[in-house]
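Heads up: the structure comes next, in structure tokens.
None of the figures in this text is laboratory data; all of them are computed from the coordinates on show. The structure displayed is predicted, hence computed values, not measured ones. Every residue, glycine among them, receives a Cβ derived from its backbone with ideal geometry; neighbour counts consider all protein chains shown.
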Amino acid sequence: MNESPDLLETLALARDFLAREIAYAPASIARMNDRGSDSDSLTILSQEACSCQKCGLARTRTSVVFGSGRTDADLVFIGEAPGAEEDRQGLPFVGAAGQLLTRMIEAMGLTREDVYIANVIKCRPPNNRDPKPDEIAACQPYLLQQIEQIAPVVICTLGRFAAQTLLQTTESMGRLRGKIFEYQGAKLVPTYHPAALLRNTQWKRPAWEDLKLVRKLYDGTEI
Ligand code: SF4
């Protein structure tokens, strides 16, 4: 993975910081999830999506990338759409940006198995172009049902597209990030996409502030 030493240093600092935070946080990480989940419904929805032909992306995809992780997760990360590697493997966030996301999650004191990861769009747009409005409209019901069935406490959107689509706004990332929004009964915090953090290392500190906020909401800590 081609991370800069500066980024690695920040993530190491983050881990140290969270180790202290978690040590003092009462009843945080071990909080039991008492909502229950409907993993069967999610499986059925996933099978439906895997044969979906509702938009033109069905013609160019290799795989439908439905989502992965814990089906009763308290924390859900939502990105834009699969990239080339995700399209090949059928899993979300498995390329270079995905590896950084894994490290970000671990820096929060969690693992990928503790959370659920999905995208707004389930099939890769050719050449990673922005999804078109008709593709978003066709695909969004899958995400809405995923969120309904997982019923997370916190949603962290990754990048401008996911935040703007879910919040139905045209506000810039700079204005959206670090704020708490309500979305389908969950708290939603937008932050930068890991791919953007790989390109713009000056955003890694504000992104870390966002992740600390996400962790506090996840813990139920007073903000
Ligand atoms: S992007 Fe969504 S709506 Fe379009 S074919 Fe794939 S799963 Fe269906």
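Table for the structure above
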{"quantity": "Region 38-219: Cα Rg divided by the 2.2 N^0.38 Å rule of thumb", "calculated": "0.94"}
{"quantity": "Local net charge near CYS156, Cβ-Cβ under 11 Å (Lys/Arg +1, Asp/Glu -1)", "calculated": "+2"}
{"quantity": "Cα-based reach from LYS216 at 17 Å (exclusive), listing lysines while leaving out same-chain residues under 8 positions away", "calculated": "LYS179, LYS187"}
{"quantity": "Region 38-219, relative contact order [Cα under 8 Å, separation at least 6], %", "calculated": "24 percent"}
{"quantity": "Equivalent ellipsoid, region 75-169 (semi-axes from 5 times Cα gyration tensor eigenvalues, Å)", "calculated": "20, 17, 11"}
{"quantity": "Reachable lysines from LYS132, criterion Cα separation under 25 angstrom, eight or more residues apart if same chain", "calculated": "LYS54, LYS122"}
{"quantity": "In sequence order, calculated HN-Hα J values of region 175-184 (Karplus, 6.51, -1.76, 1.60; Hz; x Gly/Pro)", "calculated": "8, 8, 5, x, 9, 10, 10, 9, 8, 6"}
{"quantity": "For region 38-219, share of DSSP beta bridges that run antiparallel, in % to the nearest 5", "calculated": "30 percent"}
